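Below is one structure; the comments refer to it alone.
The values are calculated or read from the model by the stated rules, or taken from the named source; none is laboratory data. All values derive from a computational prediction rather than experimental measurement. Cβ sites come from the backbone with ideal geometry, for glycine too, and all protein chains shown count toward neighbours. All accessible areas refer to the heavy atoms of the entire protein, side chains included, with ligands and DNA or RNA removed. Shrake-Rupley method; radii C 1.70, N 1.55, O 1.52, S 1.80 Å.
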Amino acid sequence: MIVSNKGLLGMAVGVLTLTGVVISGFSSIQVAIADHSQNQSGGHLVAQNIKSLTIVFPSRSDSTDLQNKANNVAAFLSKMVGIPIKAQVGDETAAVEALRANRADVAFLSSRPALKAEQLANSRLYLAEVRKNYSGRYTYNSVFVVPNNSQLKSKNSPKATLEQLRGKTITFTSPTSGSGFIFPVSELVKQGFVPNRDRLDTFFSKVNYGGNYSKALDAVVRGQTDVAVVSEYALFPPYLAAENRDKVRILHKISGVPAHGIAIDDDVPVVIREKLINALLKLNKSENQQLLTNLYNSTELVRVDHDRHLQPMREALKNVGIE
């Protein structure tokens, strides 16, 4: 059996813990591991280099010059953890694949890719992002948005409000978007308007996909669609121009969409994982916070339970008919 350096390190931590050796820190990139080839004679310890950790920072439309900003965060974390940390930029699909293929150890992910990373790489979410324009601190709203002069009105129940959309045109963000597709379609299923994502045309006269928040909202502003569905934070620049804010309004909102978070692969040893998490939490301090905010406009990172945080997404995917 071939075992990677990270796998050996994980076993080493277990061996050293069981034998009463306390690892107080990783000021260098070496750790003692058991040489199993010498086990019959009692074994001895040899030095094994730890490869640098790699963090994937997915590109998002509200982040510019991301590689340099990610490099700055990686440099800060390297100093705090004591292990070289490399920053890579790519989309979330590539980030999940990198975790699966052991080309990356950590990734910033939204909730659905985080579930995929759990499935394919046994990675787990340990931290979630907080933003000033998140209604639930580390959860946010999916919102149905209409033109400000629309005849559609918010009613006294979700069912009554959404019933008005029968026969209307709708623009979703994309078929993979949590707040721009999965949660709103889940709501339509729960209210009994459609059985799953494949039958949307039985309720709406036309179904469009904007491709991103800005284009979905632009369709509302231009009068090209009756309603669009996006994240609540998309109602602010850079997604929606400030001069267009009063041209749209929220018809209906769905709360509890899990915020983006930070997933760590299971083959990162516990000691290093905890040092990394603690280092990431140091980005919350006032003197370091700008490093965090520069990435994705987050103001804070908070510890979350992987299963509890992502349960709303699991339920929404089941309602929509996505395994």
Discussion item. Any residue at all in segment 193-215 that's open to solvent by 60 Å² or more (accessible area, probe 1.4 Å), within 23 Å of Y140 (Cβ to Cβ) and in a helix (DSSP H, G or I)?
Written reply: yes
Response to the item:
Being under 25 Å from R112 (Cα atoms) and among the hydroxyl-bearing types (S, T, Y) narrows S205, S255 down to just S255
Worksheet entry | helices (runs of 4 or more DSSP H) wholly inside segment 62-165 that include at least 1 residues being at pLDDT 95 or above, out of contact with any His (no Cβ under 9 Å at 6 or more places or on another chain) and buried (at least 19 other Cβ atoms within 10 Å of the Cβ) | 66-81, 92-100, 111-121
Worksheet item: If a residue has to be assigned to a helix (DSSP H, G or I) and open to solvent by 60 Å² or more (accessible area, probe 1.4 Å) to count, how many in segment 295-323 make the cut?
Response: 6
Response to the item:
Apart from one, (1) under 15 Å from the mean Cα position of the chain (by Cα); (2) at pLDDT below 95; (3) within 23 Å of A121 (Cβ to Cβ) all hold for N297; the odd one out is (3)
Response to the item:
Residue pairs within 6 Å by beta carbon, gap of at least six or interchain, first lying in segment 231-255 and open to solvent by 20 Å² or more (accessible area, probe 1.4 Å), second modelled with pLDDT under 95, listed first then second, are P238/D62
Fill in: Filtered residue count, segment 132-173, keeping only those that are among the hydrophobic types (A, V, I, L, M, F, W, C) and free of Cβ contacts under 8 Å to residues at least 12 places away in the same chain
1
